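Inspection log for the structure reproduced underneath, given as structure tokens.
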2 protein chains.
Amino acid sequence: MASEKPIVVVTCTAPVNIAVVKYWGKRDEELILPINSSLSVTLHQDQLKTTTTAAISRDFTEDRIWLNGREEDMGHPRLQACLREIRRLARKRRSDGHEDPLPLSLSYKVHVASENNFPTAAGLASSAAGYACLAYTLARVYGVDSDLSEVARRGSGSACRSLYGGFVEWQMGERPDGKDSVACQVAPESHWPELRVLILVVSAERKPMGSTAGMQTSVETSALLKLTGWPSALQFRAEALVPPRMAEMTRCIRERNFQAFGQLTMKDSNQFHATCLDTFPPISYLSDTSRRIIQLVHRFNAHHGQTKVAYTFDAGPNAVVFTLDDTVAEFVAAVRHSFPPESNGDKFLKGLPVEPVLLSDELKAVLGMDPVPGSIRYIIATQVGPGPQVLDDPGAHLLGPDGLPKPAA
Amino acid sequence: MASEKPIVVVTCTAPVNIAVVKYWGKRDEELILPINSSLSVTLHQDQLKTTTTAAISRDFTEDRIWLNGREEDMGHPRLQACLREIRRLARKRRSDGHEDPLPLSLSYKVHVASENNFPTAAGLASSAAGYACLAYTLARVYGVDSDLSEVARRGSGSACRSLYGGFVEWQMGERPDGKDSVACQVAPESHWPELRVLILVVSAERKPMGSTAGMQTSVETSALLKLTGWPSALQFRAEALVPPRMAEMTRCIRERNFQAFGQLTMKDSNQFHATCLDTFPPISYLSDTSRRIIQLVHRFNAHHGQTKVAYTFDAGPNAVVFTLDDTVAEFVAAVRHSFPPESNGDKFLKGLPVEPVLLSDELKAVLGMDPVPGSIRYIIATQVGPGPQVLDDPGAHLLGPDGLPKPAA
């Protein structure tokens, strides 16, 4: 048995994922078990990632966490659930007789620091990347190599989908204990190299309701309707619509059929937002700008006579647009035409480089919208990417040898 | 048999109606047969009405129509369907041996002039009042006294609900020929005297799609889904949700239970818009202002701990708000607080008089919205009203003795 080290530090990164078959509604709030399966695309960490450092040491007197440089309360029930779960898995591994590569006492306290390379205000699912990264990093530091779906899921349901690269399915499972509610890869990131993702960040509008509270309202409304003997749209979606959609989406991805993939992605996004609107009180995440983006996409596709771009929206007004590499430049030009940048023309496009192109007069005529300057703040161009990574460079650690956050560079 | 008169002129008025269980989707485009029953409240003609004059004379050489002072094409298929239907009913009446009070030849041509006392731009269902008034006026001029549901329905489905005052049900019927798809009164206008209606006219935003085209998209999407073997939200709504809602809404009205009436009205409006969003391409009639109104209503009700106001939206961003007479003044003050009039402070409120009142600080805190000046243009305060009326005053005729529109006064 190796000798104990005074401190063990591990740093990992994890990606953001965007659902193309949406998760909405929990059947178990505590275990975070969904009422339907979902499917997502993992985005590339070159553009969007969470970095997390975890350290354990006998010298630490309590579990502590810093998010984006600010210390937060480690007592948060979801953080506690992740920690408890990872320590349980580590104990189980030891009791199963596996040799521990980092044999530190499980009673040692942990320090965690986590940062996103994108503003939380971008309204991207930062909690998914965050909890996936937490689960992955804690697993490395505690020497756990079993499936981490449950650890990540207990933090944020969709976090389990950020544990893999490429195209990822979160199977809802059937067991009451959630052991079969796990994420698995449908296809790796190399499977569809032409696929591109554009995140259209809409100018600051207040988010009317967080997704946890929103989802709860939906399920409660549904329960209310159940009590009165009426079927609910949420149940209808979960039971009748999602199962065939999951199969169809998997087939679209396997066959790299963009038209079918795009149409189904848009339909599922629309239906998710329809379900939100059908809860009581209703929830609206789409803003007027979101609706103009929807119109732009449909007109762009109508002009081409085929589905060349597809939108999806989560619990906020920002659009995530899928397209293929040969269409990115023209679509970005169309966005610039309909939503001219107000002042940051040079910083309007972030991420992967996109060639500037001129729009044809025909396409301009089809788009035919009064330009709305400034209503899209910027675009992030990215692509499908890999799952969580371990960073070997000690310079990447967010915690210093004393176990406290390094001063910002 | 009475002698023929050279010209017969009749002028009638008809009301606007607002559905509280929405009509959306036709099972027969030609006969305008709906896929679900619907229920509406008839608004008072003191505030909103269509006036129509019809004249028949042996001297007229063709059927002609003037809408709001402008001659329109009488060849429009829906106008033709109404005319054909009323002449068929008149012939049937004669062949049944009834004496004709106005025994003019059915082959005589008709002139029609029609006007609304409210701007079409208000986005109110002017076609419902318009076709109900046309059906009612033509029936008087041709001496038809049978049920006019079919005549009005052929013009615009919801027009059949404007044939009665008070609370009106349009029974979808089952017959393929539509003979049982008729409107009937659930309760007269005198039934619930405390009920008030506020129309919040939202500042000009382009209407993305007319309701006829929109409805067709919905049904087509539905059909597409049917082909792939997937159930559609539209069918789900029509088959599973609307039948119990119709019964529940009728009970709420009979019992004058405002809380239940209001909640069900809001839920059905939300679900109608959810169904629109779930069509492909999606249809969004609600604007950011509509959504702020929804939020205002829910916060106002939360403050009072009960449903004191209820919104409903048709195929546009304007809100129709139901409340009781004791709540009108406070709610109007809340609207003024959240949507301060931009320049027309004195013309902001039209229709029934409303006492100005001060909002409590508690309510202001609950509303807590950043005021958005100018996004509501004006409010029309009205109440439940009677069905179509015949105007006996010859001065009310919109057509002169020559059968042509009178010059504007």
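The values are calculated or read from the model by the stated rules, or taken from the named source; none is laboratory data. Being a predicted model, the structure only gives us computed values, none of them experimental. Note that each Cβ is placed from the backbone with ideal geometry, even for glycine, and that neighbours are counted across all protein chains shown. Calculation scope for accessible area: heavy atoms of the full protein, side chains included, ligands and nucleic acids excluded. Shrake-Rupley method; radii C 1.70, N 1.55, O 1.52, S 1.80 Å.
Take A:Tyr131 and decide whether it is among the aromatic types (Phe, Trp, Tyr), open to solvent by 10 Å² or more (accessible area, probe 1.4 Å) and touching a Pro at 6+ places or on another chain (Cβ under 6 Å). Walk me through it before giving the result.
Details: among the aromatic types (Phe, Trp, Tyr): yes; open to solvent by 10 Å² or more (accessible area, probe 1.4 Å): yes; touching a Pro at 6+ places or on another chain (Cβ under 6 Å): no.
Considered against the rule, which asks whether it is among the aromatic types (Phe, Trp, Tyr), open to solvent by 10 Å² or more (accessible area, probe 1.4 Å) and touching a Pro at 6+ places or on another chain (Cβ under 6 Å), A:Tyr131 comes out as no.
Looking at the stretch B:302-321 only, could you name the residues that are within 13 Å of another protein chain (Cβ to nearest Cβ), open to solvent by 10 Å² or more (accessible area, probe 1.4 Å) and either touching a Gly at 6+ places or on another chain (Cβ under 8 Å) or of a type in the set (Asp, Glu) (or both)?
Hits for the stretch B:302-321 are B:Thr307, B:Pro317.
Name, by its number, the condition in (1) of a type in the set (Val, Ile, Thr); (2) under 20 Å from the mean Cα position of the chain (by Cα); (3) open to solvent by 40 Å² or more (accessible area, probe 1.4 Å) that does not hold for A:Thr61.
The failed condition is (2).
Name the residues in the stretch A:373-409 that are open to solvent by less than 40 Å² (accessible area, probe 1.4 Å) and part of a loop (DSSP other than H, G, I, E, B), would you? If you could, list the steps in order and put the result at the bottom.
Kept after step one, since they are open to solvent by less than 40 Å² (accessible area, probe 1.4 Å), are these residues of the stretch A:373-409: A:374-376, A:378-382, A:384-388, A:396-400, A:403.
Result: A:Gly374, A:Ser375, A:Gly385, A:Pro386, A:Gly387, A:Pro388, A:His397, A:Leu398, A:Gly400, A:Gly403.
Pairs, please: C-beta under 7 Å, at least 6 apart or cross-chain, first residue in the same structural domain as B:Phe261 (by TED's automatic domain parsing) and in the stretch B:319-332, second open to solvent by 10 Å² or more (accessible area, probe 1.4 Å) and in a helix (DSSP H, G or I)?
If the second residue must be open to solvent by 10 Å² or more (accessible area, probe 1.4 Å) and in a helix (DSSP H, G or I), the pairs left are B:Leu324/B:Phe258.
Being in contact with a helix residue (DSSP H, G or I) (Cβ under 8 Å, 6 or more places away or on another chain), in a strand (DSSP E or B), of a type in the set (S, T, N, Q) and within 27 Å of A:Lys406 (Cβ to Cβ): is that true of A:Thr52 here? Step through it out loud before you land on a result.
Numbers: in contact with a helix residue (DSSP H, G or I) (Cβ under 8 Å, 6 or more places away or on another chain): yes; in a strand (DSSP E or B): yes; of a type in the set (S, T, N, Q): yes; within 27 Å of A:Lys406 (Cβ to Cβ): yes.
In short, yes.
Where the second residue is open to solvent by 30 Å² or more (accessible area, probe 1.4 Å) and the first is on the phi > 0 side of the Ramachandran plot and lies in the stretch A:272-297, which pairs have Cβ atoms under 9 Å and are six or more apart or on separate chains?
Hits for this filter: zero, empty list.
Of the residues that sit in the stretch A:24-43 and are in contact (Cβ under 8 Å) with a residue 40 or more places away in the chain, assigned to a loop (DSSP other than H, G, I, E, B) and closer than 25 Å to A:Thr137 by Cα, which one is least open to solvent (accessible area, probe 1.4 Å)?
Within the stretch A:24-43, the match that is least open to solvent (accessible area, probe 1.4 Å) is A:Ile32.
Need pairs with beta-carbon distance below 6 Å; first residue assigned by TED's automatic domain parsing to the domain that holds B:Asp147 and farther than 26 Å from B:Pro407 by Cα and within the stretch B:71-100, second of a type in the set (Gly, Ala, Ser) and in a helix (DSSP H, G or I); sequence gap 6+ or separate chains.
Here the result reads B:Arg78/B:Gly155; B:Cys82/B:Gly155, each pair linking the stretch B:71-100 to a residue that is of a type in the set (Gly, Ala, Ser) and in a helix (DSSP H, G or I).
Suppose we keep only residues that are of a type in the set (A, V, I, L, M) and within 7 Å of chain A (Cβ to nearest Cβ) within the stretch B:267-284. Which one would you say is surrounded by the fewest Cβ atoms within 10 Å (Cβ to Cβ)? Let's see the steps before the verdict.
Step one: list which residues in the stretch B:267-284 are of a type in the set (A, V, I, L, M), which gives B:274, B:277, B:283.
Right, trim to within 7 Å of chain A (Cβ to nearest Cβ) and you get B:274, B:277.
Details: B:Ala274: 22, B:Leu277: 27.
Residue satisfying both the conditions and the ranking: B:Ala274.
With respect to A:Val10, is the statement that it is more than 22 Å from A:Ser146 (Cβ to Cβ), in contact with a helix residue (DSSP H, G or I) (Cβ under 6 Å, 6 or more places away or on another chain) and modelled with pLDDT of 95 or more true? Give the steps one after another, and end with the answer.
Details: more than 22 Å from A:Ser146 (Cβ to Cβ): no; in contact with a helix residue (DSSP H, G or I) (Cβ under 6 Å, 6 or more places away or on another chain): yes; modelled with pLDDT of 95 or more: yes.
Spelling it out, it is not the case that A:Val10 is more than 22 Å from A:Ser146 (Cβ to Cβ), in contact with a helix residue (DSSP H, G or I) (Cβ under 6 Å, 6 or more places away or on another chain) and modelled with pLDDT of 95 or more.
Restricting to the stretch B:75-104, and then to whatever is farther than 18 Å from B:Val10 by Cβ and at pLDDT 90 or above, can you tell me which residue is farthest from the chain's Cα centre (by Cα)?
Out of the qualifying residues, it is B:Arg88.
Here are some residues: A:Ser190, A:Ser146, A:Ser126, A:Ser158. Which one is touching a residue at least 24 places away in the same chain (Cβ under 8 Å), under 30 Å from A:Thr327 (Cβ atoms) and either outside the structural domain of A:Cys12 (by TED's automatic domain parsing) or surrounded by fewer than 19 Cβ atoms within 10 Å (Cβ to Cβ) (or both)? Don't jump to the end; show me each part of the working.
Numbers: A:Ser146 fails: under 30 Å from A:Thr327 (Cβ atoms); A:Ser126 fails: either outside the structural domain of A:Cys12 (by TED's automatic domain parsing) or surrounded by fewer than 19 Cβ atoms within 10 Å (Cβ to Cβ) (or both); A:Ser158 fails: either outside the structural domain of A:Cys12 (by TED's automatic domain parsing) or surrounded by fewer than 19 Cβ atoms within 10 Å (Cβ to Cβ) (or both).
Exactly one residue qualifies, and that residue is A:Ser190.
Quick check on the stretch A:4-23: of everything there that is among the hydrophobic types (A, V, I, L, M, F, W, C) and in contact with an Asp or Glu (Cβ under 9 Å, 6 or more places away or on another chain), which residue is surrounded by the fewest Cβ atoms within 10 Å (Cβ to Cβ)? Steps first, answer last, please.
At the first step, the residues of the stretch A:4-23 found to be among the hydrophobic types (A, V, I, L, M, F, W, C) are A:7-10, A:12, A:14, A:16, A:18-21.
With the extra rule that they be in contact with an Asp or Glu (Cβ under 9 Å, 6 or more places away or on another chain), the set shrinks to A:7, A:18-21.
On the way: A:Ile7: 17, A:Ile18: 25, A:Ala19: 24, A:Val20: 25, A:Val21: 26.
Per the criteria, the residue is A:Ile7.
Considering only the stretch A:161-181, I want to know if a residue exists there that is at pLDDT below 90 and either under 15 Å from A:Cys12 (Cα atoms) or basic (Lys, Arg) (or both).
Our first condition is that a residue be at pLDDT below 90; within the stretch A:161-181, this holds for none.
No, the stretch A:161-181 contains no residue that is at pLDDT below 90 and either under 15 Å from A:Cys12 (Cα atoms) or basic (Lys, Arg) (or both).
Of the residues that sit in the stretch B:239-266 and are at pLDDT 95 or above and within 8 Å of chain A (Cβ to nearest Cβ), which one is surrounded by the most Cβ atoms within 10 Å (Cβ to Cβ)?
That would be B:Met266.
Taking A:Ser287 and the conditions (1) away from chain B (no Cβ under 11 Å); (2) buried (at least 19 other Cβ atoms within 10 Å of the Cβ); (3) small (Gly, Ala, Ser), which numbered condition does it fall short on, given that it satisfies the others?
Unmet for A:Ser287, out of (1) away from chain B (no Cβ under 11 Å); (2) buried (at least 19 other Cβ atoms within 10 Å of the Cβ); (3) small (Gly, Ala, Ser): (1).
If A:Gln306 satisfies all but one of (1) over 18 Å from B:Ser284 (Cβ atoms); (2) assigned to a helix (DSSP H, G or I), what's the number of the condition it fails?
Of (1) over 18 Å from B:Ser284 (Cβ atoms); (2) assigned to a helix (DSSP H, G or I), only one is false for A:Gln306: (2).
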